[in-house]
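Below is one structure, written out as structure tokens, with a few remarks after it.
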Amino acid sequence: MRKFGLTGFPLQHSFSKKFFEEKFRREQLTDDSYELFPLPSIESFLPLIDSEPLLCGLNVTIPYKESVIRFLNELDPAGKAIGAVNCIKISNGYLKGFNTDAPAFKESLQRFLTSTPQQTFVLGTGGSSKAVCFVLREMGIPYQVVSRQPGTNTIAYTEVTENMKRGNLFVNTTPLGMFPAVEGFPEIPYTDLGSNDFLFDLVYNPEETEFLKRGKEKGAYTKNGLEMLHLQAEKSWEIWNRNG
């Protein structure tokens, strides 16, 4: 028996368990299981590891992609460069962290964009935001981070309008609009959006968030995070099953 799972808090929005259970049925992996491990505090992480001797791998979601790092024995180069992990391989008590968000986002973004955006706004500053920024730097796409609490190299939502050009990419890395609080949305200037703009939401539940709905109403191209979820999950599966 091998056990895998997802940790974070809360987890009722996640499709990861469904994805892996369908994968196990499809591939007839009857000895594998995937569970949800909601942790109200990151301090419960090591007790979780100690209590689950069959656990071979974990996915990590909000809000622990950064704070979990201090409990790990090693990071892969991407996880170290980004400063956030969403995948952990567990082998004989040795915990190695990986970032599969970055390659998954890159692949999904490349399938989405039909032109290079004039300006990119990354909404949010958490672990997912760091992976997105890492990818944008790799791709040579200039970007501006936007936050409710502006600071060094970060602007406020109220400053987006004065920085906008034609042909923008907005990437929502926040949980705004995620089930069950589906009424939430980032406070960007939707009235200024048009058919040359792209809105990518890392949220995938619901399928169309208020962020995407408002962009679509203005003619913008929109994409949710479901494909990215599937891509990062498959990359996690590869990591958990390879040697070393």
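The values are calculated or read from the model by the stated rules, or taken from the named source; none is laboratory data. From a predicted model like this one, the values you see are computed outputs, not experimental measurements. Note that each Cβ is placed from the backbone with ideal geometry, even for glycine, and that neighbours are counted across all protein chains shown.
Which of the residues belonging to segment 131-177 are among the β-branched types (V, I, T) and farther than 24 Å from T61 by Cα?
I141, T152, I155, T158, V160, T161
Taking the stated definitions as given, is K17 under 15 Å from E238 (Cα atoms) and either out of contact with any strand residue (DSSP E or B) (no Cβ under 8 Å at 6 or more places or on another chain) or assigned by TED's automatic domain parsing to the domain that holds L55 (or both)?
Spelling it out, it is not the case that K17 is under 15 Å from E238 (Cα atoms) and either out of contact with any strand residue (DSSP E or B) (no Cβ under 8 Å at 6 or more places or on another chain) or assigned by TED's automatic domain parsing to the domain that holds L55 (or both).
Look at segment 1-34 and say how many of its residues are touching a Lys or Arg at 6+ places or on another chain (Cβ under 9 Å) and either surrounded by 15 or more Cβ atoms within 10 Å (Cβ to Cβ) or hydrophobic (A, V, I, L, M, F, W, C) (or both).
8
Would you be able to tell me the number of residues in segment 118-132 that are in contact with a Phe, Trp or Tyr (Cβ under 9 Å, 6 or more places away or on another chain) and surrounded by fewer than 21 Cβ atoms within 10 Å (Cβ to Cβ)?
The number of residues fulfilling the criteria is 1.
Look through V182, V146, V160 and report the one residue that is in a strand (DSSP E or B) and either surrounded by fewer than 16 Cβ atoms within 10 Å (Cβ to Cβ) or without any contact (Cβ under 8 Å) to a residue 60 or more places away in the chain (or both).
Step by step, each of V182, V146, V160 is checked, and only V146 is in a strand (DSSP E or B) and either surrounded by fewer than 16 Cβ atoms within 10 Å (Cβ to Cβ) or without any contact (Cβ under 8 Å) to a residue 60 or more places away in the chain (or both).
Is at least one residue of segment 2-14 farther than 23 Å from Y204 by Cα and touching a Phe, Trp or Tyr at 6+ places or on another chain (Cβ under 9 Å)?
Yes, because at least one residue in segment 2-14 is farther than 23 Å from Y204 by Cα and touching a Phe, Trp or Tyr at 6+ places or on another chain (Cβ under 9 Å).
Return only the number of the condition from (1) out of contact with any strand residue (DSSP E or B) (no Cβ under 8 Å at 6 or more places or on another chain); (2) more than 30 Å from Y221 (Cβ to Cβ); (3) of a type in the set (D, E) that E107 does not satisfy.
Answer for E107: the failing condition is (2).
For segment 1-48, give me each residue that is part of a loop (DSSP other than H, G, I, E, B) and over 17 Å from the mean Cα position of the chain (by Cα). Working first, answer last.
From segment 1-48, those part of a loop (DSSP other than H, G, I, E, B) are 1, 9-15, 27-31, 39-41; that's our starting set.
Of everything in segment 1-48, those that are part of a loop (DSSP other than H, G, I, E, B) and over 17 Å from the mean Cα position of the chain (by Cα) turn out to be M1, E27, Q28, L29, T30, D31, L39, P40, S41.
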